[in-house]
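Notes to accompany the following structure.
The values are calculated or read from the model by the stated rules, or taken from the named source; none is laboratory data. Quantities reported herein were computed from a predicted structural model and do not represent experimental measurements. We place every Cβ from the backbone using ideal geometry, glycine too, and count neighbours over all the protein chains shown. Each accessible area value is taken on the protein alone, full model and side chains, heavy atoms only, with ligands, DNA and RNA left out. Shrake-Rupley method; radii C 1.70, N 1.55, O 1.52, S 1.80 Å.
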Amino acid sequence: MDSDYRRQWLSAASERFSTRVFNAEPIDENDEAALLECEALLRAMYGEVRIAYKSLIGQEENPFDTFGGKIEGAAGIAAVFCKKDAEHERQKVGMAGERFVLECTARGLKTCWVCGSYNHASALHLFEHNDSEELYAVIAIGESQAEPSEKHTEKVPFDELFEIQPGVPDAEVIERAARFAASSAPSSMNRQPWRFEADEKGILLSLRQRSLIANKMQYIDLGIAAAH
């Protein structure tokens with residue numbers, strides 16, 4: 001991975017937060033060009049996962065114009081595709097998608113992962129795709145002056161998310177890395193469903209709780225935390 005991207009994404013991870021209210025202004029052409037370059041990089045990195053960006057300015061259909069209007073004024077959308085029935089790939093969906101989100105953040109853009117509150121058919125109409133692919137999630141993108149909501153600042157106590165075995169080398173470094181990932185990564189309904197366990201072999205990232213309703217998104221959440 002290009003070291004410039006790594007530095008940008010690491011810096012952006014501490015700044016990024018979700019917003020559902022955008023100001024409907026077009027995204028700068030230079031920023032759009034950078035997002036398209038990032039698309040290509042992530043496709044090379046993750047293979048089965050494909051991220052596709054599209055401007056919503058002037059589009060006849062807007063996938064976020066749903067009953068209830070939960071996303072307002074997004075100027076762009078990114079679709080995260082992966083091959084169908086690829087449960088083991090869902091973490092890669094989260095990793096690739098979150099890195100795209102962090103590229104948006106590095107460009108001064110706001111974002112929101114969206115798994116349910118959008119028109120799935122309208123989103124599919126915007127992008128070329130084939131029958132072997134599934135649309136796993138979309139990302140709303142745009143300019144916004146919104147501040148983080150109180151919901152997104154609430155965090156699960158870190159000792160519920162992390163366990164380290166005695167004698168692990170660089171324990172303090174590992175704990176700082178896990179603490180950063182756990183506190184900065186977004187998750188569906190802000191559930192933070194992950195758990196980090198460190199031993200002499202490395203760090204295991206797993207689900208500490210399972211939800212039948214959000215099962216599909218939880219594995220994407222793990223990938224998002226792994227990206228951070």
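Couple of notes before you dig in:
- Looking across the range 57-72, not a single residue is surrounded by fewer than 17 Cβ atoms within 10 Å (Cβ to Cβ), touching a residue at least 60 places away in the same chain (Cβ under 8 Å) and closer than 15 Å to residue 112 by Cα.
- Put simply, of 174, 139 the only residue that is buried (at least 17 other Cβ atoms within 10 Å of the Cβ), of a type in the set (Val, Ile, Thr), at negative phi and under 19 Å from the mean Cα position of the chain (by Cα) is 139.
- Of the helices (runs of 4 or more DSSP H) lying entirely inside the range 78-177, those carrying at least 3 residues that are under 23 Å from residue 23 (Cα atoms) and modelled with pLDDT of 90 or more are 90-106, 120-126.
- If the condition is being open to solvent by 10 Å² or more (accessible area, probe 1.4 Å), part of a loop (DSSP other than H, G, I, E, B) and closer than 15 Å to residue 158 by Cβ, then the range 192-228 contributes 208, 228.
- Long-range neighbours under 8 Å by Cβ, at least six apart or interchain, first residue on the phi < 0 side of the Ramachandran plot within the range 12-26, second of a type in the set (Lys, Arg) and assigned to a loop (DSSP other than H, G, I, E, B): 20/70
- Those residues of the range 23-56 which are open to solvent by 30 Å² or more (accessible area, probe 1.4 Å), hydrophobic (A, V, I, L, M, F, W, C) and either at pLDDT below 90 or touching a strand residue (DSSP E or B) at 6+ places or on another chain (Cβ under 8 Å) (or both), in sequence order: 24, 36
- Considering (1) open to solvent by 10 Å² or more (accessible area, probe 1.4 Å); (2) more than 13 Å from residue 50 (Cβ to Cβ), the lone condition that residue 83 does not fulfil carries the number (2).
- Restricting attention to the range 6-22, the residues being open to solvent by 50 Å² or more (accessible area, probe 1.4 Å), in a loop (DSSP other than H, G, I, E, B) and in contact with a Ser or Thr (Cβ under 8 Å, 6 or more places away or on another chain) number 2.
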